[in-house]
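Quick notes on the structure that follows.
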Amino acid sequence: MKSAGRLEKVLTAGQFAVTAELGPPQNANPEAIKKKSQHCLGNVDGANITDNQTAIVRMSSIAAGAIALSCGVEPIIQMVCRDRNRLAMQSDILGAAALGIQNLLCLSGDHQTFGNHPDAKNVYDVDSMQLIAMVKKMRDDKQFLCGDEIKEHEPKLFIGAVANPFADPFEFRVMRLAKKINAGADFIQTQCIFDMKKFAEWMKMVVAEGLHKKVYILAGLTPVRSHKALKYMKNNVAGMSIPDELIARMESAEDPKEEGVKICVEMIEQIKGMEGVSGIHLMPIGWESITPVILERAGLLPRPKV
Amino acid sequence: MIVADRKPLEEILDSIKDYKKIMLMGCGGCVTICFSGGVKAVELLASQIKIARKKQGKPIEIIECTPERQCEFEFIDAFKKDLESAEAVLSIACGVGVQTMSERHEDTITIPGQNTKFMGYPVEHALWEERCAGCGNCVLEWTGGICPIARCAKKLLNGPCGGSSNGVCEVDKDTDCVWQLIYDRLKKLNKLENLMVVRQPKDWRTSTDAGQRRVKFEEAML
Ligand code: SF4
Ligand code: SF4
């Protein structure tokens, strides 16, 4: 075992894993995390704690992760390369591990111009690939990036990375996944999938390369409550593929919320049958309370004992 | 070349409001090519300033000059005499020119009239784009001659971020995703394997993170 975490145990046991997103608040209130943790408690194998998501200042992902942990939820700390240099990252990695955090997800991060401090200087001292390799080096080689030895208590983290099957260049996306695996990724969460066809095409390429045997892939899903949300994402979020049929289906639905849940459950069914996928990652943006409902209907509850 | 863009007239007027006689100094180098600081730009700006100051009822005298390059003592020294009667210098060279003047003439203030932007070239008539950030350790050898340091908003070294879409950068719809360009070029050159190497974190000391840099050409030292 690389970590002692539940997520790794579930995945190595060959069980279909479930993770969900838990966004920290834009204030210092721990209750917000505790409340959201209740939607996750017992329902997921890990909760992603986002790191200043969309470049908007929020409570630190490590602090929020420690609070989630105290509520019995296993956090997956997200770390973006935008806001910290290699010194700060390594120090925070040690801090996170010391607080009992077992999973770390490495990302580039949305550019600061999208957020509420567009005039900030960004860092990108290391990129997401180099961050993955750095965490692996700390864990497996017991060394800091510079080569100095970590004499004891190296951070035992299960290393995650992201993949976006819908960004360009499309053919490079599988190569990039292979590269992340080489760098040291243990599990992958994908960008949210609306275009099942394109995702299936990508998974086929992944399987053809045998990459699914080297890494656990969790398919990202976002339940939506209205066709407007889909339209917004289609027009405003780079690297997303949203089929028009899906928008039409949501638009003509009598009960759009129910339709959104239905679509998500159908997608989970399709994903369960797909070769190479080890689980799902739910990102119910601003709709965390729906997590247990969807999981129940998709037959993913109760979670296995490991 | 170095590309610079003239500051707004209001800002320039404000920065010289205390003076009755100035020297307006252009440069015959890069900024002449990018239209913002050559002989013609000096003429134009001088007349704009004079008209504005006349309107304010505070006329100003301007000595106009444009050395071949403002970034070398030997060229700016030719204007030493003219400078004696001026209270200040308004420079429309790049930031290097301004500092060369400041160092040479310690008792006279040199005010910048330009915002120095980047190193680049004209991709079409009257349109310049950035191409090099002077990182001090060039990677163009394995990127197909396309620079991710100057042209990727995240300075990524291991391929495109998840926001690359239809060849366009997530940060600006009018900017190519440089990693798409690199991918396409390496594919053409049959060198996609260059992208499979996990590139190590960059040593930023050769860039701007270890203070002022210096280049010595030993063979030419006297
Ligand atoms: S890699 Fe560095 S030196 Fe080479 S073009 Fe880019 S910024 Fe300039
Ligand atoms: S879209 Fe391309 S150029 Fe823009 S930040 Fe991402 S990788 Fe860099």
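Checking each residue in the range A:139-155 for being assigned to a loop (DSSP other than H, G, I, E, B) and either within 11 Å of another protein chain (Cβ to nearest Cβ) or farther than 19 Å from A:ASN48 by Cβ (or both) picks out A:ASP141, A:LYS142, A:PHE144, A:LEU145, A:CYS146, A:GLY147, A:ASP148, A:ILE150, A:LYS151, A:GLU152, A:HIS153, A:GLU154.
The criterion of being within 11 Å of ligand 1 (Cβ to nearest atom), surrounded by 15 or more Cβ atoms within 10 Å (Cβ to Cβ) and of a type in the set (Val, Ile, Thr) holds for B:THR143. Under the condition of being touching a residue at least 12 places away in the same chain (Cβ under 8 Å) and either open to solvent by less than 20 Å² (accessible area, probe 1.4 Å) or farther than 21 Å from A:ALA163 by Cβ (or both), the residues counted in the range A:234-245 number 2.
Scanning the range A:1-10 for residues that are touching a strand residue (DSSP E or B) at 6+ places or on another chain (Cβ under 7 Å) and open to solvent by 70 Å² or more (accessible area, probe 1.4 Å) yields a single hit, A:LYS2. Scanning the range B:164-181 for residues that are open to solvent by 40 Å² or more (accessible area, probe 1.4 Å) and assigned to a loop (DSSP other than H, G, I, E, B) returns B:ASN166, B:VAL171. Of the residues making up the range A:211-225, just one is open to solvent by 90 Å² or more (accessible area, probe 1.4 Å) and outside any loop (DSSP other than H, G, I, E, B), namely A:LYS213.
Those residues that are surrounded by 15 or more Cβ atoms within 10 Å (Cβ to Cβ) and either modelled with pLDDT of 95 or more or basic (Lys, Arg) (or both), I need them from the range A:271-289; list them, please. Talk me through it step by step, then tell me what you get.
If we filter the range A:271-289 for residues that are surrounded by 15 or more Cβ atoms within 10 Å (Cβ to Cβ), which is where we start, we get A:271-272, A:274, A:276-285, A:287-288.
Matches in the range A:271-289: A:ILE271, A:LYS272, A:MET274, A:GLY276, A:VAL277, A:SER278, A:GLY279, A:ILE280, A:HIS281, A:LEU282, A:MET283.
Taken over the range A:11-28, the criterion of being within 23 Å of A:ASN122 (Cα to Cα) and surrounded by 15 or more Cβ atoms within 10 Å (Cβ to Cβ) is satisfied by A:GLY23, A:PRO24, A:PRO25. Put simply, of B:CYS135, B:CYS161 the only residue that is under 25 Å from B:GLN99 (Cα atoms), in a loop (DSSP other than H, G, I, E, B) and within 13 Å of chain A (Cβ to nearest Cβ) is B:CYS135. Within the range A:89-96, can one find any residue that is acidic (Asp, Glu) and within 22 Å of B:GLY162 (Cα to Cα)? No, the range A:89-96 contains no residue that is acidic (Asp, Glu) and within 22 Å of B:GLY162 (Cα to Cα).
Selection over the range B:122-132 of residues that are without any contact (Cβ under 8 Å) to a residue 12 or more places away in the chain and in a strand (DSSP E or B) gives a count of 4.
Note on the range A:173-213: among residues that are touching a residue at least 60 places away in the same chain (Cβ under 8 Å) and of a type in the set (Val, Ile, Thr), the one that is nearest to the other protein chains (Cβ to nearest Cβ) is A:THR190.
Just checking, does the range A:197-210 include any residue being open to solvent by less than 10 Å² (accessible area, probe 1.4 Å) and of a type outside the set (A, V, I, L, M, F, W, C)? No, the conditions are met nowhere in the range A:197-210. When restricted to residues that are within 11 Å of ligand 2 (Cβ to nearest atom) and over 26 Å from B:ASN190 (Cβ atoms), the range B:117-164 contains 5. Screening B:LYS155 with (1) more than 11 Å from ligand 1 (Cβ to nearest atom); (2) closer than 23 Å to A:PHE172 by Cβ gives one miss only, at (1).
Residue pairs whose Cβ atoms lie under 8 Å apart, sitting 6 or more positions apart in sequence or on different chains, and linking a residue in the range B:56-67 that is within 8 Å of B:MET23 (Cβ to Cβ) to a partner that is hydroxyl-bearing (Ser, Thr, Tyr) and open to solvent by 40 Å² or more (accessible area, probe 1.4 Å), are B:ILE63/B:SER85. Listed conditions (1) in contact (Cβ under 8 Å) with a residue 12 or more places away in the chain; (2) part of a loop (DSSP other than H, G, I, E, B) are all met by A:GLU21, apart from (2). Among residues of the range B:172-196 being out of contact with any helix residue (DSSP H, G or I) (no Cβ under 6 Å at 6 or more places or on another chain) and either β-branched (Val, Ile, Thr) or closer than 16 Å to A:ASN236 by Cα (or both), the one that is farthest from the other protein chains (Cβ to nearest Cβ) is B:ASP174.
Every residue, every condition in (1) assigned to a helix (DSSP H, G or I); (2) open to solvent by 40 Å² or more (accessible area, probe 1.4 Å); (3) touching a residue at least 12 places away in the same chain (Cβ under 8 Å), yes or no:
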| residue | (1), (2), (3) |
| --- | --- |
| B:LEU157 | no, no, yes |
| B:TYR183 | yes, no, yes |
| B:LEU186 | yes, no, yes |
| B:ASN194 | yes, no, yes |
| B:ARG199 | no, yes, yes |
| B:LYS202 | no, no, yes |
| B:GLN212 | no, yes, no |
| B:LEU222 | no, yes, no |
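Please verify whether the range A:69-82 includes one or more residues that are of a type in the set (D, E, K, R), over 19 Å from the mean Cα position of the chain (by Cα) and within 14 Å of chain B (Cβ to nearest Cβ).
Taking the range A:69-82 first, the residues of a type in the set (D, E, K, R) are A:74, A:82.
Now drop any that are not over 19 Å from the mean Cα position of the chain (by Cα), which leaves none.
No, the conditions are met nowhere in the range A:69-82.
Considering only residues that are open to solvent by less than 30 Å² (accessible area, probe 1.4 Å) and over 20 Å from the mean Cα position of the chain (by Cα), look in the range A:125-138 and name the one that is farthest from the other protein chains (Cβ to nearest Cβ). First the steps, then the outcome.
Taking the range A:125-138 as the starting set, the residues that turn out to be open to solvent by less than 30 Å² (accessible area, probe 1.4 Å) are A:125-132, A:134-135, A:138.
Then drop every residue that is not over 20 Å from the mean Cα position of the chain (by Cα), which leaves A:125, A:138.
Values: A:ASP125: 7, A:MET138: 14 Å.
Residue satisfying both the conditions and the ranking: A:MET138.
Can you confirm whether B:LYS117 is basic (Lys, Arg), open to solvent by 80 Å² or more (accessible area, probe 1.4 Å) and either without any contact (Cβ under 8 Å) to a residue 24 or more places away in the chain or more than 14 Å from ligand 1 (Cβ to nearest atom) (or both)? Against the criterion (basic (Lys, Arg), open to solvent by 80 Å² or more (accessible area, probe 1.4 Å) and either without any contact (Cβ under 8 Å) to a residue 24 or more places away in the chain or more than 14 Å from ligand 1 (Cβ to nearest atom) (or both)), B:LYS117 qualifies. Counting the residues of the range B:170-192 that are within 6 Å of ligand 2 (Cβ to nearest atom) and under 23 Å from the mean Cα position of the chain (by Cα) gives 3.
The values are calculated or read from the model by the stated rules, or taken from the named source; none is laboratory data. For clarity, every value in this text was computed on a predicted model and none was experimentally measured. Backbone-built Cβ (ideal geometry, glycine too); neighbour counts: all protein chains shown. Side chains included, ligands, DNA and RNA excluded: accessible areas come from the protein's heavy atoms. Shrake-Rupley method; radii C 1.70, N 1.55, O 1.52, S 1.80 Å.
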